[in-house]
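Undergrad: The structure that follows is given in the form of structure tokens.
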């Protein structure tokens, strides 16, 4: 039995050869980027972990498995459809999102036009929230996989291999939903309770081989190349109202860590196999459990692993002792969420951030030589013009190396979506507009979605301009630039300064204006 694991393309053509192209599989926050058709995504692209874990589990179980990441390869829909027809799988698994669901279904419709016997499966947060509605609306979808889908999909594939199209044994199975003879069968969401039993992801089935292998998957927090993304844990102790991955995919489960030696075994495999010079732990919250972090830092030193590493973490749980241990064990960068500079808004979104502690955290990280990257979001629950300005003022006050600015999107399945719908704050339920980056579908009393978009678009530009007069910040950046130059050469420097130039000129402002005014067909 042949199974194809796929991350299909999702793009909307714009004017002048530009397009809105979606990043999704591997990303906790579906987001659109604006680029030229012929230009691949290279600034930020997460590795599709769940697809890769699923592929590895199937292969270990004896299935004939292939995989394709059409987003990484910059394929069009036509190229992807042709590839599936050429592969002729028995089962096709896609990972979908809210803004791409209609495109994904259209792709399945085209594929099934020539392959009516193909069993089509979709996973992801949107279908995990609306399994019944999705199956009833789109007959092109045969099965939906909800929550953490690796084990449920393996169980499903084993059943198909043994029983063919007799689906009785799949009714009410964890993580699986389908309709048979007009009857909906829907089990509880999948949740992986034993992370250490997962095999290493099937990196070799994705575009990670060849001369420029690591150009495909990249996070700008990284400064060394080759850099590889990994997981050291799943879950988060926070309950922010907008976080789709924690609420939908994990059903608000708590932090779960891989064992320290399991993590280090995988790091050593990546060093040996791909020559990794940096590992980025793209966790929901790497620092979610102090004991877990301290044990990992101790074991990585005991085993003599010299590779540098960076993390998606948190400024509230991570204390000075943890930061010192991380730096001593090779950590060189950390991302963390602040989201708002207004205490009232932080309370509304249920994010326990204390600004004084964040300031101290950044000071300590800077002293240790750890690069810092803070994330902020505009349009949060309870947002006002005044709260957005407070956030911007705190952004300027916070001594970090880089920032990330998002437009808060009320993805279905979150408390934020529920509140926005109940209070009449949604401006649209056209899923294509829920792009997580450029377009706001939220408005408040005396605050329009257009104002939220405009403020978010300008905030990063104004922040970077303010940094250009900060001598300590410029000195730190010179050291980071030197690190990039040693590892990445002239190409890394050109990319860094090119990104900075785009920010200073309004982050390709004309394209952003176009995307915000254009409703996809």
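Undergrad: Would you order 370, 407 from fewest to most other beta-carbon atoms within 10 Å of each residue's own beta-carbon?
TA: Ranked by crowding around the Cβ, least crowded first: 370, 407.
Undergrad: Using Cα atoms only, what is the angle between the long axis of helix 260-274 and the major principal axis of the chain, expressed in degrees (0 to 90) to the nearest 10?
TA: Taking the Cα atoms of the chain, the angle to 260-274 is about 90 degrees.
Undergrad: I'd like the orientation of helix 101-114 relative to the chain: the angle between its Cα long axis and the longest Cα principal axis, in ° from 0 to 90, rounded to 10.
TA: The angle comes out near 30 degrees.
Undergrad: Per 0.36 nm of contour for each residue apart, how much would the distance between residue 42 and residue 389 grow if the chain were fully extended, relative to their Cα-Cα spacing?
TA: 121.8 nm
Undergrad: Specify the angular offset, from 0 to 90 degrees and rounded to the nearest 10, of the alpha carbon long axis of helix 290-302 from the longest principal axis of the alpha carbons in the chain.
TA: Around 90 degrees separate the two axes.
Undergrad: Kindly state, to the nearest 0.05, the FRET efficiency for residue 76 paired with residue 359, given R0 = 45 Å and r defined as their beta-carbon distance.
TA: It comes out at approximately 0.45.
Undergrad: So if R0 is 60 Å, what FRET efficiency would residue 324 and residue 450 give, r being the distance between their Cβ atoms, rounded to the nearest 0.05?
TA: 0.85
Undergrad: Gain in length, residue 106 to residue 273, computed as 0.36 nm per residue apart minus the alpha-carbon separation, to one decimal in nm?
TA: 56.3 nm
Undergrad: Could you please tell me the mean projected area of the C-alpha convex hull for region 218-517, averaged over all directions and given in square nanometres to one decimal?
TA: For region 218-517, averaging the hull's shadow over all directions gives 15.3 nm².
Undergrad: On a C-alpha basis, how far is the centre of region 333-387 from the centre of region 83-154 in Å? Whole number, if you could?
TA: 37
Undergrad: Could you tell me how far the Cα centroid of region 1-72 sits from the Cα centroid of region 404-418, in Å?
TA: 22
Undergrad: Would you mind getting me the FRET efficiency between residue 291 and residue 16? Use the beta-carbon distance for r and R0 = 56 Å, nearest 0.05.
TA: The pair residue 291/residue 16 has a calculated efficiency of 0.55.
Undergrad: Mind sorting 217, 392, 469 by how few other Cβ atoms lie within 10 Å of their own Cβ, fewest first?
TA: If I rank by nearby Cβ atoms, fewest first, I get 469, 392, 217.
Undergrad: May I pose another question? Give, in whole angstrom and from largest to smallest, the semi-axes √(5λ) of the equivalent ellipsoid of region 7-79, with λ running over the eigenvalues of the Cα gyration tensor.
TA: Working: eigenvalues 147, 34, 14 Å².
Calculated on Cα positions only, the semi-axes equal 27, 13, 8 Å.
Undergrad: May I ask what percent, to the nearest 5, of DSSP beta bridges between residues of the chain are antiparallel?
TA: Looking only at bridges with both residues in the chain, the antiparallel portion is about 30 percent.
Undergrad: May I have the extent of the alpha carbons of region 100-207 along their three principal axes, as whole Å values ordered from largest to smallest?
TA: In descending order, the Cα extents are 38, 35, 29 Å.
Undergrad: Then there is this: For the chain, what is the calculated [θ] at 222 nm in deg cm²/dmol (nearest 500), taking -39500 (n - 2.57) for each run of four or more DSSP H residues and dividing by its residue count? Write down the numbers at each step before the final one.
TA: Values: 16 runs with 203 residues, N = 521.
The helix contribution divided over the chain gives -12500 deg cm²/dmol.
Undergrad: Still on this structure, please answer the following. Please compute the length gained on full extension between residue 87 and residue 2, using 0.36 nm multiplied by the number of residues separating them and subtracting their Cα-Cα distance.
TA: 29.7 nm
Readers should treat all values here as calculations from the given coordinates under stated rules, not as data from a laboratory. Just so we're clear, the structure is a prediction, and the values are computed from it rather than from any experiment. Don't worry about glycine lacking a Cβ; one is built from the backbone with ideal geometry, like all the others, and counts go over all protein chains shown.
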